[in-house]
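A quick write-up on the structure given underneath.
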Amino acid sequence: MKRLLVHVEGGSEEAFVNKLLCPHLVAHGVLASARLLGHRRERSRRGGIVGWPKARGDLLRHLKKDHRLHVTTIVDYYGLPQSGKGAWPGRRQAASAPFPDRADFVEEALRQDVDEAMGSDFVSSRFVPFVMMHEFEALLFSDCQAFANAIGRPALATRFQAIRDQFSSPEEINDSQTTAPSKRLAALLPGYSKTRRAELAALAVGLDAMRSECPHFRSWLESLEGLSSGVTNPSQ
């Protein structure tokens, strides 16, 4: 069995890995676990992305400590720092790239930075960065009826579907202070509890729907599924 450490930025992603991704990957010969990025003593709250120097140190420490360990990330492109000491590689430059290429651009920059830091003996396939274009909640729009049912509001399915139908993929649901997936949900569902309801919805929506509706997510998932056999997605 291959071992995989999934570095996440918040509680929703942590629950997704523990409750949905880990059981799925076991069937593919991969033992996965989740870890919040950054030292907990340096975090003022559970959630929110840390600057790249701290995240980088976390990733490198685990890669160096265990040469058989694979490492991946689940981070939100929009929320990545793009200036100052905490800037993530490629984030600022990716803003001028075509939308479909932005996450790939940042992922490649992260790979190059980690490869260089780890040295010539590093097996680069051990690091599989994943950058979501927008918030984790965007994946939940992969099956709007299952999403609505899971949070106990089945009547909202048509409203969710109307949001989803504005985009070619749930991954494109735009992110800003007013139109981020979580902001849209809060507007429709006052008192929306992100972590608990997102966890229930993710279990109901399932990986098959997410894989079908979200091409960038699918590429990443296929790379993780291929770790045990040594077959990884070329785009990753």
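A compact table of results
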quantity: Theoretical ellipticity at 222 nm over the chain - DSSP helices of four or more residues, -39500 (n - 2.57) apiece, nearest 500; calculated: -12500 deg cm²/dmol
quantity: Under 14 Å, Cβ to Cβ, from SER228 - net charge with Lys/Arg +1 and Asp/Glu -1; calculated: +2
quantity: Cross-link partners of LYS65 among lysines (Cα-Cα below 30 Å; sequence separation of 8 or more within a chain); calculated: LYS2, LYS19, LYS54, LYS85
quantity: For SER96, solvent-accessible area (1.4 Å; no DNA, RNA or ligand), Å²; calculated: 110
quantity: For a label point 7 Å along the Cα-to-beta-carbon line of ALA97, residues of the stretch 147-172 with backbone N under 19 Å; calculated: 169, 171-172
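The values are calculated or read from the model by the stated rules, or taken from the named source; none is laboratory data. All values derive from a computational prediction rather than experimental measurement. Cβ atoms come from the backbone with ideal geometry, glycine included; neighbour counts cover every protein chain shown. Protein only, heavy atoms only, side chains kept; ligands, DNA and RNA dropped before computing areas. Shrake-Rupley method; radii C 1.70, N 1.55, O 1.52, S 1.80 Å.
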